[in-house]
Amino acid sequence: MSTCILVVDDNPINLKLASELLEMEGYEVLRASDAEEAQSILGEARPELILMDIALPGMDGLALTRKLKSTPGLAHVPIIALSAFAMKGDEEKALASGCDGYITKPINTRTFPTQIKGHLRRA
Ligand SMILES: [Mg+2]
């Protein structure tokens, strides 16, 4: 069985790009475009890694991360924040919310697979 990764991003182009890059690497990919959809997927599936866009409509990625990290059975699933904010302090905010890592958008299609592999290995 291949490693399963949940990608949460409200931007359809970003969601498609990240998902397709991961699928090309042989991962099974689950896609969600907001916190509600992500939570409904997590009610049935247990991915090995979650890629979490920070800026989401409704509950944002940081709030969702805090929620998942306090949910028994999900707290151990590594969450990697995806953020387009080129703002100082954003990475710290993600880590403070419980994220296990941070990837800046736009994602670098060449280094992205290696970054993911590294986060999975650390998990
Ligand atoms: Mg977004």
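If you go through segment 73-94 and pick out every residue that is surrounded by 14 or more Cβ atoms within 10 Å (Cβ to Cβ) and farther than 18 Å from L15 by Cα, you end up with 7. Taking segment 18-40 as the range and being in a helix (DSSP H, G or I), more than 14 Å from I80 (Cβ to Cβ) and touching a helix residue (DSSP H, G or I) at 6+ places or on another chain (Cβ under 9 Å) as the test, the residues that pass are M24, A35, Q39. Residues of segment 41-89 that are modelled with pLDDT of 95 or more and assigned to a strand (DSSP E or B): L49, I50, L51, M52, D53, I79, I80, A81. Of the residues examined, P57 is one that is loosely packed, with under 15 Cβ neighbours inside 10 Å, of a type outside the set (A, V, I, L, M) and within 16 Å of the ligand (Cβ to nearest atom). Number of residues in segment 35-50 that are in contact with a Leu (Cβ under 7 Å, 6 or more places away or on another chain) and more than 12 Å from the ligand (Cβ to nearest atom) equals 8. Those residues that are away from the ligand (no atom under 11 Å from the Cβ) and touching a strand residue (DSSP E or B) at 6+ places or on another chain (Cβ under 6 Å), I need them from segment 9-24; list them, please. Passing the criteria: A18, S19, L22, E23.
Looking across segment 1-17, the residues that are over 23 Å from K93 (Cβ atoms) and in a loop (DSSP other than H, G, I, E, B) come down to M1, S2, T3.
The values are calculated or read from the model by the stated rules, or taken from the named source; none is laboratory data. Keep in mind that what you see is a predicted model, and the values were worked out from it rather than measured. Using ideal geometry, Cβ is built from the backbone for each residue, glycine included, and neighbour counts are taken over all protein chains shown.
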